[in-house]
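Below: one structure, written as structure tokens.
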Amino acid sequence: MTAEGLERAEAPKLVTELPGPKAREVLERDERTTSPSLPRAYPFVPARGAGSVVEDVDGNVFLDVNAGIAVTSTGHCHPTVVEAIQRQAAELIHYSASDFYLPIYSELTGRLAEIAPMEGARSFLTNSGTEAVEAGIKLARWSTGRQYVIAFYGSFHGRSYGSVSLTASKAAYRAGFGPLLPGVLHAYYGDGRDMPVPPGADAEGFPTLEHIEGFLMKKIVAPEEVAAIVVEPVMGKMWAVEHFGVEPDILLSGKGIASGMPLGAMIANDSVMTWTKGTHGSTYGGNPLSCAAAIATLDVIEQEGLLENAAKVGDLVMNGLRDVQSRHNAIREVRGLGLMIGIELPDHDTAAAVERGAFDRGLLMLGCGEASIRMSPALVFREDQARVALELFEDALADTRNVTS
Ligand SMILES: Cc1ncc(COP(=O)(O)O)c(C=O)c1O
């Protein structure tokens with residue numbers, strides 16, 4: 001199938017058993033030579049992709065609502081992004097922007113300053129989400145002269161030492177690695193599923209502000225020693241905070257910012273980003289190829305109206321999932337914004353069975369948290385593809401509904 005044919009496909013096409021023969025060869029080699037820490041979900045071995053469709057090494061075609069784990073925002077291999085990377089690769093693959101003045105670096109930080117939800121935005125570019133979080137923790141401590149950082153139970157911020165100290169979504173991320181970063185405290189947030197009930201909780205959920213102001217800041221830490229409160233809001237507009245009328249001092253971005261090239265950004269207003277020459281840097285952060293991909297990504301999002309598409313197709317998927325929920329009481333909750341959607345199931349085994357059942361039908365989904373499964377397709381996800389994804393998901397769910405009973 002051509003790349004255009006792949007991009008146009010609305011339904012999966014499976015031509016071998018899963019995993020197929022070539023996939024099994026890769027799995028066998030991988031099993032012998034890669035780090036056993038990698039949290040592989042199911043035996044999917046991708047070879048090429050276009051839009052929201054991916055073909056594996058055996059020629060099986062899958063509908064991808066993972067988007068490379070919420071990364072390929074403009075779809076797999078968007079021609080504008082591919083062209084920008086190829087052009088940049090032919091001109092200059094690397095020069096460290098920490099030590100010299102790479103033009104494409106400030107071209108991108110200039111674009112980010114135009115669209116950032118704060119005045120006077122400056123950016124520090126990184127290679128990953130976790131490095132953006134590390135940079136944010138360092139800047140918050142440096143610019144305030146304070147030590148403590150408050151994060152929330154249930155959140156995920158990454159796996160390097162600072163960010164994993166903020167992460168509180170699974171004990172496995174921390175087990176065996178302590179002691180972690182000192183000075184990190186956690187507060188209750190949202191409806192607190194799977195969490196102990198703190199003082200003052202009621203059926204509506206946890207009173208987050210009361211917990212921070214009335215408990216943590218009275219009993220554990222003085223407010224004047226808190227450098228930052230780190231929140232992980234859900235995307236659906238250009239910046240997730242725009243849903244909540246918040247103007248952040250520091251905004252962290254990763255994942256889809258460069259359509260799959262490694263890039264993160266720590267964006268702060270210039271009254272906060274006052275740290276001085278040499279206080280922080282990175283050899284590869286904001287490398288030319290990733291910057292080229294990010295600029296092309298921003299162009300495509302604007303020119304193709306992808307935020308509007310995410311809102312429209314996101315509504316279709318949310319409504320479709322609520323219909324599925326009305327037929328299957330295994331679905332406890334459907335939640336999300338735009339095209340970042342979580343489906344809460346009764347328990348982990350059911351979520352894992354639905355994830356595998358979807359894969360066996362050619363739909364790539366991924367579990368998240370204890371008992372949820374997510375759909376986070378590319379912003380180019382189409383309505384025809386969304387309808388097929390809903391059918392396949394319902395079919396997988398119907399097949400696995402008895403896992404826990
Ligand atoms: C909200 C959030 N923060 C931080 C990270 C860490 O990003 P990375 O894996 O690029 O280090 C992730 C990755 O899943 C994330 O979802």
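The values are calculated or read from the model by the stated rules, or taken from the named source; none is laboratory data. As the structure is a prediction and not an experimental result, all values here were calculated from the model. Cβ coordinates were reconstructed from backbone atoms using ideal geometry, including for glycine residues, and neighbour counts include every protein chain displayed.
Details
- Count of residues meeting criterion [buried (at least 17 other Cβ atoms within 10 Å of the Cβ) and over 18 Å from I115 (Cβ atoms)] in segment 232-271: 4
- Pairs where the first residue, in segment 1-29, is in contact (Cβ under 8 Å) with a residue 60 or more places away in the chain and on the phi < 0 side of the Ramachandran plot and the second is in a helix (DSSP H, G or I) and of a type in the set (A, V, I, L, M, F, W, C), C-beta under 6 Å, 6+ apart: E10/V388; A11/V388
- I331 vs. criteria crowded, with 19+ Cβ neighbours inside 10 Å, of a type outside the set (D, E, K, R) and either more than 21 Å from the chain's Cα centre (by Cα) or in a loop (DSSP other than H, G, I, E, B) (or both): yes
- All of (1) without any contact (Cβ under 8 Å) to a residue 40 or more places away in the chain; (2) within 16 Å of the ligand (Cβ to nearest atom) hold for S73 with one exception: (1).
- Note on segment 139-183: residues that are under 17 Å from the mean Cα position of the chain (by Cα) and either more than 13 Å from the ligand (Cβ to nearest atom) or assigned to a loop (DSSP other than H, G, I, E, B) (or both) amount to 11.
- The set of residues in segment 41-72 that are hydrophobic (A, V, I, L, M, F, W, C), in a loop (DSSP other than H, G, I, E, B) and under 17 Å from R387 (Cα atoms) contains only V65.
- Of all residues in segment 57-70, those being away from the ligand (no atom under 16 Å from the Cβ) and not hydrophobic (A, V, I, L, M, F, W, C) number 4.
- Residue in segment 92-104 that is more than 16 Å from L6 (Cβ to Cβ), away from the ligand (no atom under 16 Å from the Cβ), part of a helix (DSSP H, G or I) and free of Cβ contacts under 8 Å to residues at least 24 places away in the same chain present: yes
- On inspection, T297 fails the criterion of being assigned by TED's automatic domain parsing to the domain that holds L102, closer than 25 Å to P262 by Cβ and not in a helix (DSSP H, G or I).
- For segment 363-381, residues that are assigned to a loop (DSSP other than H, G, I, E, B) and surrounded by 20 or more Cβ atoms within 10 Å (Cβ to Cβ) total 8.
- Of the numbered criteria (1) under 30 Å from E302 (Cα atoms); (2) at pLDDT below 80, the one A203 fails is (1).
- Where A50 falls short, out of the listed (1) more than 16 Å from the ligand (Cβ to nearest atom); (2) surrounded by fewer than 20 Cβ atoms within 10 Å (Cβ to Cβ): (2)
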